[in-house]
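A.B. asks: I'd like to ask some things about the structure below.
Derivation of every value follows stated rules applied to the coordinates shown; laboratory data play no part. Here the structure is a predicted model, which is why all the values come from computation and not from measurement. Neighbour counts are summed over all protein chains in view; Cβ atoms, including those assigned to glycine, are modelled from backbone coordinates with ideal geometry.
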């Protein structure tokens with residue numbers, strides 16, 4: 001099931017968001033060892049998880065987390081602009097039609113084949129959401145292995161500068177152009193799938 005949470009979510013959505021924050025802790029803290037805040041020993045929540053954040057979340061029919069991503073407006077504080085502007089050779093791209101993708105999270109409990117399918121669904125959902133909301137460009141910061149994957153998806157994507165070593169890991173910034181042609185470009189690389197068609201196929205995330 002695909003869910004989109006606006007303005008940091010509402011009280012009725014707290015449970016679905018808690019599942020996402022728990023999954024983020026399992027991936028970014030337990031697996032990858034990021035030095036980021038953890039709330040109550042269970043939830044990875046940082047200063048950008050405020051009422052302006054937007055979340056795209058894929059879950060099973062039973063509410064188990066499959067994948068998620070956080071979108072930040074570049075006209076407000078965001079990771080590239082506030083923490084890593086040095087990754088950009090020129091000025092950090094900002095504007096009302098530019099959003100930053102952060103915390104792209106695939107659940108640790110997914111099997112390998114499921115990971116690729118869920119990844120494609122989340123990428124497709126991000127494109128569909130951009131087209132629906134007037135976003136023409138996504139920016140992001142990624143370690144080199146993930147950066148190379150993103151560049152290979154078939155969409156129009158470019159590095160914003162040379163990768164640099166940050167906290168011992170080679171990291172770069174990129175910009176992804178979004179247009180009416182993007183779904184077709186992703187489909188050629190077997191990435192694009194229609195929203196709402198995949199998540200329901202998983203009865204569990206183990």
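A.B. asks: Taking all pairs of distinct Cα atoms, average 1/r, flip it, and tell me the Kirkwood hydrodynamic radius of region 44-120 in Å to one decimal place.
C.D. replies: On the way: mean 1/r = 0.0709 Å⁻¹.
Evaluated on region 44-120, it is 14.1 Å.
A.B. asks: Using just the helices of the chain, give the 222 nm mean residue ellipticity in deg cm²/dmol: DSSP H runs with n ≥ 4 each add -39,500 (n - 2.57), and the total is spread over all residues, rounded to 500. Write down the numbers at each step before the final one.
C.D. replies: Numbers: 5 runs with 52 residues, N = 206.
Using -39500 (n - 2.57) per qualifying helix, the result is -7500 deg cm²/dmol.
A.B. asks: Residue 52 to residue 14: FRET efficiency via 1/(1 + (r/R0)^6), r the Cβ-Cβ distance, R0 30 Å, to the nearest 0.05?
C.D. replies: Here the calculated transfer efficiency is 0.95.
A.B. asks: Moving on to the next point. Residue separation times 0.36 nm, minus the C-alpha to C-alpha distance between residue 131 and residue 111: what's the value? Walk me through the numbers before you get to the answer.
C.D. replies: Working: separation 20, 0.36 × 20 = 7.20 nm, distance 3.02 nm.
Residue separation times 0.36 nm, minus the Cα-Cα distance, leaves 4.2 nm.
A.B. asks: Just the Cα atoms of the chain, one point each, no solvent: what log10 I(q)/I(0) does Debye give at q = 0.08, 0.10, 0.14 Å⁻¹?
C.D. replies: The calculated log intensity ratios at q = 0.08, 0.10, 0.14 Å⁻¹ are -0.25, -0.39, -0.82.
A.B. asks: Here's a follow-up. Could you calculate, for region 1-84, the ratio of the Cα radius of gyration to the Kirkwood radius, expressed as Rg to Rh? Don't jump to the answer; show the numbers that get you there.
C.D. replies: On the way: Rg = 12.7 Å, Rh = 13.3 Å.
Using only Cα positions, Rg/Rh for region 1-84 is 0.95.
A.B. asks: State the Kirkwood hydrodynamic radius of region 81-136 in Å, one decimal place, computed from all pairs of distinct Cα atoms.
C.D. replies: Numbers: mean 1/r = 0.0735 Å⁻¹.
The Cα-based Kirkwood calculation yields 13.6 Å.
A.B. asks: May I ask you to sort 21, 48 by Cβ crowding, counting other Cβ atoms within 10 Å and putting the fewest first? Intermediate values should be presented prior to the final figure.
C.D. replies: Values: 21 21, 48 18.
The most exposed by this proxy come first: 48, 21.
A.B. asks: Can you sort 111, 119 by how many other beta carbons sit within 10 Å, fewest first?
C.D. replies: On the way: 111 11, 119 19.
So the residues, fewest neighbours to most, are 111, 119.
A.B. asks: Now a separate question. Between residue 184 and residue 36, what FRET efficiency follows from the Cβ-Cβ distance if R0 is 45 Å, with the result rounded to 0.05?
C.D. replies: Computed FRET efficiency for residue 184 and residue 36: 0.80.
A.B. asks: Something else now. Counting other beta carbons within 10 Å of each Cβ, put 50, 107 in order, fewest first.
C.D. replies: Numbers: 50 13, 107 26.
Exposure proxy ranking, most exposed first: 50, 107.
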